[in-house]
Each structure stands twice: as structure tokens, then as C-alpha cells.
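Here the structure comes first, spelled out in C-alpha cells, and everything after it is commentary.
The values are calculated or read from the model by the stated rules, or taken from the named source; none is laboratory data. Remember, it's a predicted structure, so these values are computed and weren't measured experimentally. Here the Cβ positions follow ideal geometry from the backbone for every residue, glycine too, while neighbour counts run over all protein chains shown.
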Amino acid sequence: MSTPFTDFFMPSSDGLRLHARLYGEASATGDAIVCLPGLTRNARDFHDLALRLSLQRRVIVIEYRGRGSSERAIDWRHYTVAVEAVDVRQMLKALRVNQAIFIGTSRGGLITMALAATAPQLIKACVLNDIGPVIETEGLRRIASYVGKGTMPKDWNEAARRLKESNPDFTDLTEQEWHDFARAVFVEQRDGQLALSYDPALGNTLTGIDFSKPLPSAWPLFDGLKAYPVLTIRGENSDLLSEATLAEMAQRHAAMEMLVVPDEAHAPFVGRERTAQMIADFVGRVG
């Protein structure tokens, strides 16, 4: 059976081999869709959604340096939103994409906001998945507690069990969905051992944060999205995007659409039916 996507590789400005998955045809009508994962995540998070959207559009799922099939940075200090936004711009230039609808989960939403400030011509519309201009300290503290840390599970059953235990605020996932989640977080090496699907050095980017103080906000970056159609998705149990921040976003961007996903936390799964349908409807209206 043929693979429903093609792999695209290109060199970054500092010589790293970066990867993206391409779904659909380059000649498809309508604006391309660019999917940007979370901090430690990869293209597999968007597979089901990309299959759905690529029936009529070109879908590009980018893996940042150090994630998935993209090469790891020599210096972990290059794992920043600013550097990754440049990588995204270079990737889209290589693919001859002049404008797109962006779907950004967590870190991907921050990169989208950065692009709105540095390359506004690239953006037609955007979906922000459980991210806004204010990141809750407790949520980021939780993320910092596990990124790049811990021992590896001995098999896929243990991997799924660990994820289920460490994500109790996702209350309605099936066992199959937990196993699919595990296969997006871990990879199986040639010797059969499981490993992280990202560079553990990403954890270094979170070690210097003072969690006793509120994190700096990015309201000016969000305000830069007022010129575009925006859909913001929040997990009902999210500890990273608060209800108060979502309400303030809606007040500042009166035309912003919203979806609160019940029984999910940070970050909602974009491929599940209720969320995927909302995204597909939004894309159909704006692009």
C-alpha cells in the first residue's frame, strides 16, 4: 500500500537536514495548509487531520529541528521560537508556498504569531491549538518536569500506560488512542528499544525559567493576528491556556472563533472527529 504522504528534506541556514511531510497534490486548489506541532512533537500528531484536509488541499506538516526526522541542533540554544520561525519560512520558500492557512499546536501557535509579526504575507488564516499570548506557569512547570527526563518504557504497552497515568485530564481516550499517542511520543530503534522522538536537549531550554514569577505575555504578537481569521481551540482541562486568557483573546479579536474541547487537556488531539470537523469547516470558510 502506498504511503499517503511524501517526505521532503531541505538544509537549514546552519546546515541541518530538516523534514516535512507533504500530503495532497501541489496543484490542489485553495490555499495550502501548514501544520506546526508542539514543543516536543512531530508530524504524526497531524496525520489523521492531514489525510482529511488533503482530499482537496495541499497539506505541509513541518518537523522542527531536533524533532521527528529533522536533524538535531548542534547547540541546544538554537531551539527557540525565533530560530524555528526562520526554519519554517525557509521551508515554505523551498516549497514555493507564498501564503497558507496555519494550524499551530502550542509551540506551533507561538511560531505562527511570530510569523504574523515577521512575515505577515505568509498568513491567510490560522488555528491556535491550546495556546495564547499568556502561558500559565503551572502548565509550563508540568511540561518542564518531563521534557528530556526519565527512563524509557520497555515496550509499547508500558509507553501507553505511562502516558495515560501522566495525562489524567484526558478522560475519554480509548485504549487504541493511548497507543497511537505513544507511537507519536516514542520511536522504536533498530534494536527494538524505545526512545524519545525528539532531542532530549530540548529540556535544557526550560531549566532557566523562574516558575515563582508570572511568565512574560505576548499580547502584541496576538494583536498582530487581528487582521486574519482565527480559530482558537482550548482543552476544557488545559493548564496552559486559561479560560481568562481565552476570554481576553475573544475580546481583543471580536471575529475570533472558539472551540472548547470537553474531556481533553493540553493539547487537544486535532485528528479526533469533533475537533477535526471544526478545523475542516473553518478552513473551508476562510480559504
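Residues are listed down the side, and each one gets a yes or a no for (1) modelled with pLDDT under 95; (2) hydrophobic (A, V, I, L, M, F, W, C); (3) in contact with a strand residue (DSSP E or B) (Cβ under 7 Å, 6 or more places away or on another chain):
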| position | (1), (2), (3) |
| --- | --- |
| Ile101 | no, yes, yes |
| Gly104 | no, no, yes |
| Leu110 | no, yes, no |
| Ala116 | no, yes, yes |
| Ser145 | yes, no, no |
| Lys149 | yes, no, no |
| Glu158 | no, no, no |
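Return a yes/no flag: does the range 52-64 have any residue that is assigned to a loop (DSSP other than H, G, I, E, B) and closer than 27 Å to Gln189 by Cβ. Checking the range 52-64: at least one residue is assigned to a loop (DSSP other than H, G, I, E, B) and closer than 27 Å to Gln189 by Cβ. Selection within the range 182-193: residues that are among the charged types (D, E, K, R) and loosely packed, with under 13 Cβ neighbours inside 10 Å. The member of this set that is farthest from the chain's Cα centre (by Cα) is Asp191. Scanning the range 45-74 for residues that are in contact with a Gly (Cβ under 7 Å, 6 or more places away or on another chain) and of a type in the set (A, V, I, L, M), which turns out surrounded by the most Cβ atoms within 10 Å (Cβ to Cβ)? In this case the residue turns out to be Val59.
Filtering the range 194-212 to residues that are part of a loop (DSSP other than H, G, I, E, B) and either free of Cβ contacts under 8 Å to residues at least 12 places away in the same chain or under 18 Å from the mean Cα position of the chain (by Cα) (or both) leaves Ser197, Asp199, Gly208, Asp210, Ser212. Would you confirm whether any residue within the range 89-108 is in contact with a His (Cβ under 9 Å, 6 or more places away or on another chain) and of a type in the set (Gly, Ala, Ser)? Checked the range 89-108: at least one residue is in contact with a His (Cβ under 9 Å, 6 or more places away or on another chain) and of a type in the set (Gly, Ala, Ser).
Residues of the range 122-133 include at least one that is among the acidic types (Asp, Glu), under 13 Å from the mean Cα position of the chain (by Cα) and buried (at least 21 other Cβ atoms within 10 Å of the Cβ). Regarding Gly109, is this residue under 14 Å from the mean Cα position of the chain (by Cα), buried (at least 21 other Cβ atoms within 10 Å of the Cβ), touching a residue at least 60 places away in the same chain (Cβ under 8 Å) and closer than 25 Å to His179 by Cα? In short, no.
So is Ala94 surrounded by fewer than 22 Cβ atoms within 10 Å (Cβ to Cβ), under 16 Å from Gly15 (Cα atoms), touching a strand residue (DSSP E or B) at 6+ places or on another chain (Cβ under 9 Å) and among the small types (Gly, Ala, Ser) or not? Yes; evaluated as a whole, the condition is true for this residue. Within the range 159-188, residues that are part of a helix (DSSP H, G or I) sit with their Cβ atoms under 6 Å from residues that are acidic (Asp, Glu), at 6+ positions apart or across chains, in these pairs: Ala184/Asp45.
Scanning the range 213-260 for residues that are buried (at least 19 other Cβ atoms within 10 Å of the Cβ), in contact with a Gly (Cβ under 9 Å, 6 or more places away or on another chain) and either in a helix (DSSP H, G or I) or among the basic types (Lys, Arg) (or both) turns up Phe222, Arg234, Thr245, Leu246, Met249.
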